[in-house]
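The values are calculated or read from the model by the stated rules, or taken from the named source; none is laboratory data. Keep in mind that what you see is a predicted model, and the values were worked out from it rather than measured. Cβ sites come from the backbone with ideal geometry, for glycine too, and all protein chains shown count toward neighbours.
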2 protein chains.
Amino acid sequence: MQRVTIAQVSERAGVSTATVSRVLSGRGPVSAAVERRVRQAAEELGYQVNTIARALRNSRTDTVGMVVPSISNPFFTSLVESVEHVLEREGKELFLSDARSDPAIEARRLASLAARNVDGIIVSPSHGTESGPAVQKTADRLPLVQLDRFVGGTNTDWVGVDDVAAMRLVMDHLHEGGARSAAFVGSLLTNSSTEQRFAGFRRRAEELGMSVDPDQVLLGDYSVDWGEAAAARIVDTGHLPDAIVCADDLIALGVTRACRAHGVSVPGQVQVTGYDNIEFSRLGEPALTTVDQPRDRIAEEAVRLLAAASRAGSAGRGPSAHIALVPTLVVRDSTRAGATPRP
Amino acid sequence: MQRVTIAQVSERAGVSTATVSRVLSGRGPVSAAVERRVRQAAEELGYQVNTIARALRNSRTDTVGMVVPSISNPFFTSLVESVEHVLEREGKELFLSDARSDPAIEARRLASLAARNVDGIIVSPSHGTESGPAVQKTADRLPLVQLDRFVGGTNTDWVGVDDVAAMRLVMDHLHEGGARSAAFVGSLLTNSSTEQRFAGFRRRAEELGMSVDPDQVLLGDYSVDWGEAAAARIVDTGHLPDAIVCADDLIALGVTRACRAHGVSVPGQVQVTGYDNIEFSRLGEPALTTVDQPRDRIAEEAVRLLAAASRAGSAGRGPSAHIALVPTLVVRDSTRAGATPRP
DNA sequence: GCCTCCTGTGTAATCGATTGCAGTGAAGAT
DNA sequence: ATCTTCACTGCAATCGATTACACAGGAGGC
């Protein structure tokens, strides 16, 4: 149980600890004979570096921290997978935390990651404003990139998709399918995703001349339950919109489910769209039309920015980069592509 | 950017580093006046402990590592949430890794967690045999608990559910609903979950006199896609079983979807069951009857075992604990509870 | 033959927090 | 008045790996 240290290896090999370190870390000149002896001794003792000690000395941990609002949201887990994949290529590891959509927990997680000397942090902030102080404070201490969502009033890099452009795709598609009125179901406007998506929705609806009943803009949270509740409320009002645009797939799954339960046909009576293209979106009944985010590209860019910030010595923080990638529309069965407008 | 150390705080407060440490870690006697000065200095400088340095000195990190086969499987993410929740109460943090169902990646993750001096490891092994060496090697060095799945030939603690008992519940329920024949769709028998579940299925089928066509035992992987493919294959054989028992919910979701696509009514023509009770299981069409695992209890026990092992100084490894909790059956719409047997 | 340079190795400082040991001074005991 | 006792506080060692610096000895240049 007691760990093998470099000192024990050096003793067995009959050299100094410095030499052992030089052999094992591969830097510094070492004669072939000594190298062999050291490697063998290390092997025999089952030596393994103590990452903690190394990190203390180097002040580098080869570890990146990531904080997401909710690990049970499949969109974020797939984003995590993408990030992990990219990091693996760089020989870095991921330290993942779940903020449970609570800025207070989020702040603790960020602080704790910073205390653990991660080399950088990737965060998708839970809240559009309340996450600000903690994010900024963390960004002042080490490289930080915001992913997908972002929080205002901070000076950090960001990578995500152009939500407004995405909504344009969605609305154009719905309009083509004959929709002349639309409802919006999202989460409370406390994070950038919903804000941007709603803004894009509203603007394009106006441009296309689609009517939006203010009573049919419903904000709750990112969950199936909320989608169901919101849809029930819309159905209860008595006048159905031609389309229900949802801020994410979980909500959309709830909406289609509630429609089915209430005998409202999708896309016959109402078209429904999601956002994120999570795996389960195609399992809805009907399969969801949704917006696909290029997760791998997002992850790639985030890691790249982080590496750049590390190199720059994050003191010299220049203007921050905002990278908005272009999302694509995935058309499935919950909308009526190219149908003729209803009479 | 340069971090504030205890030395700077001590200088500002006009005391020694020892005193600062005593104040901040709360151990050792310190006069009220000094304590106030130190706290203020720390506050003013924005001091934050360096967890790395502390860990090196204490050889404790207050961190637990967790390795799961797949972070995109909602069952594991909810298990992770439960574990994180329990750990939070203990003031510990979770370091999460995804093995992508690959024993080689899994081994690397385990080694890397060990090198990072986590206080203990919770792992759900990817493979029923190939995960063995790495798991055992890790368990020799630090406290380790296997969760849900386990790998044979190792001497470690384990917490999970009684899969055989669960299958008894499932089969009895199906039998009551009139099923006299059944198919099984699982993953390749390379992990304990499938093994145990299949064993339980087979045994109870025999006891109840239900027939099982060997051609209708289909093994692939834990995914919706595989569920769809397997169901399609079963439908194609021409003779439908009365029930299709699935080794997890993802598979079951795929199966019901394929049934719908092929015009096979569930539960009218075929009853279908899942396993895990993931959130999406109730979103299937029809909502899935499934087995609920008591995740919070599982997490609780795992953390308890880990703590016990740490205290015991894992050298004195006694006989390992195997804790099988009792799962419950969640009856929804994909089965026909209490219906009369078909003629 | 003497000097320079380079390779290979060891010594010891370093990263930052913790803690055993020792020392100081004041309160209390005799 | 002298001796204990105890609450505080500081010094310095410690955790394990890395690395600046020093130094030995051999090769090569003049």
inquiry  = Being in a helix (DSSP H, G or I), within 14 Å of another protein chain (Cβ to nearest Cβ) and touching a strand residue (DSSP E or B) at 6+ places or on another chain (Cβ under 8 Å) is the filter here; which residues of region B:208-249 pass it?
reply    = B:Trp226, B:Gly227, B:Ala231, B:Asp249
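Determine which member of the set A:Ser265, A:Ser310, A:Ser320 is among the small types (Gly, Ala, Ser) and without any contact (Cβ under 8 Å) to a residue 24 or more places away in the chain.
A:Ser265
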query = Picking from B:Arg54, B:Arg22, which residue would you name as being within 12 Å of DNA strand C (Cβ to nearest atom), buried (at least 16 other Cβ atoms within 10 Å of the Cβ) and away from chain A (no Cβ under 11 Å)?
reply = B:Arg22
ask   = Taking B:Arg12, is it surrounded by 18 or more Cβ atoms within 10 Å (Cβ to Cβ) and away from DNA strand D (no atom under 11 Å from the Cβ)?
value = yes
request  = Filter region A:309-323 down to residues that are surrounded by 15 or more Cβ atoms within 10 Å (Cβ to Cβ) and away from every other protein chain (no Cβ under 14 Å) and give me whichever is modelled with the lowest pLDDT.
outcome  = A:Ser320
message = Step by step: first the residues of region B:89-144, then only those that are among the acidic types (Asp, Glu) and closer than 22 Å to B:Leu189 by Cβ, then the one that is nearest to the other protein chains (Cβ to nearest Cβ). Which residue is that?
response = B:Asp102
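Per-residue answers, yes or no, for (1) within 14 Å of chain B (Cβ to nearest Cβ); (2) within 6 Å of DNA strand D (Cβ to nearest atom); (3) modelled with pLDDT under 90:
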{"site": "A:Ala18", "(1), (2), (3)": "no, yes, no"}
{"site": "A:Gly26", "(1), (2), (3)": "no, no, yes"}
{"site": "A:Pro29", "(1), (2), (3)": "no, no, yes"}
{"site": "A:Asn50", "(1), (2), (3)": "yes, yes, no"}
task = Check region B:166-189 and report whether any residue there is within 13 Å of the chain's Cα centre (by Cα) and at pLDDT 90 or above.
result = no
inquiry  = Yes or no: region A:264-273 includes at least one residue that is within 20 Å of the chain's Cα centre (by Cα) and either among the hydrophobic types (A, V, I, L, M, F, W, C) or under 30 Å from B:Asp249 (Cβ atoms) (or both).
reply    = no
Number of the exception - B:Met66 against (1) buried (at least 23 other Cβ atoms within 10 Å of the Cβ); (2) more than 11 Å from chain A (Cβ to nearest Cβ) = (2)
ask   = Which one of these is at pLDDT 95 or above and surrounded by fewer than 16 Cβ atoms within 10 Å (Cβ to Cβ): B:Thr328, B:Thr273?
value = B:Thr328
note = Those residues of region A:280-292 which are surrounded by fewer than 24 Cβ atoms within 10 Å (Cβ to Cβ) and under 30 Å from A:Ala321 (Cα atoms) amount to A:Asp292
remark   = Residue pairs qualifying under the 6 Å Cβ cut-off, at least six apart or on distinct chains, with the first in region A:8-19 being closer than 14 Å to A:Gln40 by Cβ and the second being within 8 Å of DNA strand D (Cβ to nearest atom), are A:Val9/A:Val20; A:Val9/A:Tyr47; A:Ser10/A:Ser16; A:Ser10/A:Thr17; A:Ser10/A:Val20
query = From the list A:Ser72, A:Ser59, which residue is within 8 Å of DNA strand C (Cβ to nearest atom), within 37 Å of the chain's Cα centre (by Cα), within 11 Å of another protein chain (Cβ to nearest Cβ) and of a type in the set (Ser, Thr, Tyr)?
reply = A:Ser59
ask   = Out of (1) hydrophobic (A, V, I, L, M, F, W, C); (2) closer than 18 Å to A:Leu79 by Cβ; (3) assigned to a loop (DSSP other than H, G, I, E, B), the odd one out for A:Val264 is which?
value = (2)
remark   = So, first residue within 18 Å of B:Ala7 (Cα to Cα) and free of Cβ contacts under 8 Å to residues at least 24 places away in the same chain in region B:47-61, second residue hydroxyl-bearing (Ser, Thr, Tyr) and more than 9 Å from DNA strand D (Cβ to nearest atom), Cβ within less than 8 Å, six or more apart or across chains; the pairs are B:Thr51/A:Ser112; B:Thr51/B:Thr61; B:Ile52/A:Thr61
request  = Could you tell me which numbered condition B:Arg109 fails, if it satisfies all but one of (1) crowded, with 16+ Cβ neighbours inside 10 Å; (2) within 12 Å of DNA strand D (Cβ to nearest atom)?
outcome  = (2)
query = In region A:101-121, which residues are of a type in the set (A, V, I, L, M, F, W, C), over 22 Å from A:Ser193 (Cβ atoms) and in contact with a strand residue (DSSP E or B) (Cβ under 9 Å, 6 or more places away or on another chain)?
reply = A:Leu113, A:Ala114, A:Val118
ask   = Across region B:1-16, what is the total count of residues that are within 11 Å of DNA strand C (Cβ to nearest atom) and within 14 Å of chain A (Cβ to nearest Cβ)?
value = 5
